[in-house]
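To keep things clear, I will list the structure first and then write my remarks on it.
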Amino acid sequence: MSFNTFGHLFRVTTWGESHGPAIGCTVDGCPPGVVLSEEVIQPWLERRKPGTSKFTTQRKEPDAVRILSGVFEGKTTGTPIQLMIENTDQRSKDYGDIAQSFRPGHADITYHQKYGIRDYRGGGRSSARETAARVAAGGVARAALAALVPGLRITGYMVQMGPHRIDRARMDLGVVEENPFWCPDPVAAEDWAVYLDGLRLSHNSVGAVIEVVAEGVPAGLGAPLYAKLDSDLAAAMMTINAVKGVEIGDGFDAAALTGVENADEIRMGPEGPEFLSNHAGGILGGISTGQPVVCRFAVKPTSSILTPRQTVNQRGEEIDLITKGRHDPCVGIRAVPVGEAMMACVLLDHLLMDRGQTGGVRGVIG
């Protein structure tokens with residue numbers, strides 16, 4: 001009962017700690033014959049790695065991935081794929097002051113209460129450093145999806161930082177990778193830079209909302225009850241560090257709609273049924289509709305800040321604590337590639353399950 005694995009047929013087990021010698025994952029269930037190399041996976045890790053701007057942690061990690069098994073002559077063999085990423089810039093001395101204390105808002109206290117032991121150096125397994133392994137696994141999933149569903153595309157971006165939202169009228173996915181926030185609104189990106197710089201200099205942090213959209217998803221993925229595509233997506237996103245809420249499509253906003261407003265009406269198009277809107281986020285009854293799958297998740301502010309916070313230590317003494325070290329003022333920035341990776345893993349998993357159950361056969365309409 002270690003609970004370090006996710007997925008049904010495409011299964012990912014991550015391992016390692018923030019300040020250990022390495023982190024990584026074992027990917028099992030990837031189909032054979034998929035073109036895969038370290039060069040295929042590395043670009044996805046480049047997007048997540050720390051130290052890319054002044055708005056992320058200044059820990060310098062190359063995040064260079066090594067494939068240790070499961071690939072022969074540039075193609076997957078169908079056997080477990082072992083991926084390893086060495087840690088090269090640990091600074092464990094920064095965490096000496098919290099060895100016996102609990103950071104408010106952090107997993108320190110719950111780890112201690114559950115296990116009676118914890119790796120205080122950077123949070124151990126609770127550190128966002130673990131997500132590098134997920135992004136590597138997502139690189140494998142993307143390679144398999146590219147072979148099985150060539151038109152499928154996954155795009156993540158930040159739609160809100162603190163109280164500041166993008167203006168969707170200005171939304172341009174072409175600028176997402178041109179600013180440090182993965183923001184599709186160039187005006188909002190400039191405003192966020194000023195806002196976050198002020199928070200960073202005042203030793204504070206802030207939360208964010210990330211949106212991940214998958215286009216070209218085939219209709220029919222998922223199941224009506226206990227393997228719903230949206231429930232697996234929600235579970236996958238909730239496992240990302242600091243995520244406190246997930247919604248599909250209109251999500252919580254759907255509660256304010258009437259049935260007339262919310263229903264995605266349908267008409268026949270030249271290639272079959274076409275939906276006139278997408279309030280459902282591409283999923284109805286747990287099964288994909290063929291529309292873009294839209295998932296959104298909220299990330300809380302980084303708990304490790306230099307502003308004193310009230311807490312207790314292991315002796316039960318009340319203290320004020322400052323957390324030293326190198327931390328993201330908005331952890332949501334580097335959560336964007338992680339959300340994309342989790343979307344890729346879940347979609348491949350459901351594609352493989354669908355092939356196993358139906359062989360890809362679909363009901364005919366028209």
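Nothing in this text is a laboratory measurement; each read-out follows from the coordinates by a stated rule. All values derive from a computational prediction rather than experimental measurement. Here the Cβ positions follow ideal geometry from the backbone for every residue, glycine too, while neighbour counts run over all protein chains shown.
Kindly provide the GluC sites (Glu not before Pro) of the stretch 259-366 that DSSP labels as loop, not H, G, I, E or B, and whose Cβ sees at most 12 other Cβ atoms within 10 Å.
265, 271, 317
Roughly what % of Cα-Cα distances in the stretch 283-366 sit above 22 Å, to the whole percent?
It works out to 56 percent of all Cα pairs.
Just to be sure I understand: with springs between alpha-carbon atoms less than 10 Å apart, which residue in 74, 339, 220 has the highest mean-square fluctuation in the Gaussian network model of the chain?
Its mean-square fluctuation being the largest, the pick is 74.
Rounded to the nearest 0.05, what FRET efficiency do residue 324 and residue 190 give with R0 = 25 Å and r taken as the Cβ-Cβ distance? Could you check?
Working from the Cβ atoms, E equals 0.25.
Select from 147, 256, 99 the residue whose mean-square fluctuation is largest in a Gaussian network model of the chain (Cα-Cα springs shorter than 10 Å).
256
Residue separation times 0.36 nm, minus the C-alpha to C-alpha distance between residue 201 and residue 73: what's the value?
41.1 nm
How many angstrom lie between the C-alpha centres of the stretch 101-154 and the stretch 260-335?
15 Å
What stretch of the chain, leaving out the sites themselves, is the longest with no chymotrypsin sites (Phe, Trp or Tyr not before Pro) in a DSSP loop having at most 16 other Cβ atoms within 10 Å?
After excluding every exposed loop site, the longest remaining stretch is 4-225.
Which residues make up the longest stretch of the chain that has no trypsin sites (Lys or Arg not before Pro) in a DSSP loop with at most 15 other Cβ atoms within 10 Å?
Answer - 92-314.
Pop the C-beta distance of residue 146 and residue 307 into the FRET formula with R0 = 35 Å and round what comes out to the nearest 0.05.
Details: r = 45 Å, r/R0 = 1.28.
Working from the Cβ atoms, E equals 0.20.
How large is the convex hull of the C-alpha atoms of the stretch 135-176 per residue, in Å³?
Each residue corresponds to 100 Å³ of Cα convex hull volume.
Helix 131-148 against the longest principal axis of the chain: what's the angle in degrees, Cα atoms only, rounded to the nearest 10?
The two axes meet at around 10 degrees.
Enter the angle in degrees (range 0 to 90, nearest 10) between the Cα long axis of helix 332-358 and the first principal axis of the Cα atoms of the chain, meaning the one along which they spread out most.
Helix 332-358 and the main axis of the chain meet at about 40 degrees.
Towards the positive end of the charge dipole of the chain, with charges on Cβ (+1 Lys, Arg; -1 Asp, Glu), say which of 98, 266, 131 has the farthest Cα.
Checked the options; the winner is 98.
Tell me, what is the Rg over Rh of the chain, with Rh the Kirkwood radius over Cα pairs? Write down the numbers at each step before the final one.
Working: Rg = 21.2 Å, Rh = 21.6 Å.
With Rh from the inverse mean 1/r over Cα pairs, Rg/Rh is 0.98.
Kirkwood hydrodynamic radius, the stretch 77-221, all distinct C-alpha pairs: what's the number in Å?
On the way: mean 1/r = 0.0527 Å⁻¹.
With all distinct Cα pairs of the stretch 77-221 included, I get 19.0 Å.
Spin-label point model (7 Å from Cα, Cβ direction): what's the residue 257 to residue 2 distance in nm?
It works out to 4.3 nm between the two label points.
Given the stretch 245-285, what whole percent of its Cα pairs are spread farther than 13 Å?
Roughly 57 percent, rounded to a whole number.
As a test of the formula, what do you get for the chain when each DSSP H run with n ≥ 4 contributes -39,500 (n - 2.57) and the sum is divided by the residue count, at 222 nm and rounded to the nearest 500 deg cm²/dmol?
It lands at -8000 deg cm²/dmol.
With the chain treated as a Gaussian network of Cα nodes joined by springs under 10 Å, which of 230, 320, 119 yields the largest mean-square fluctuation?
Ranking 230, 320, 119 by mean-square fluctuation puts 320 first.
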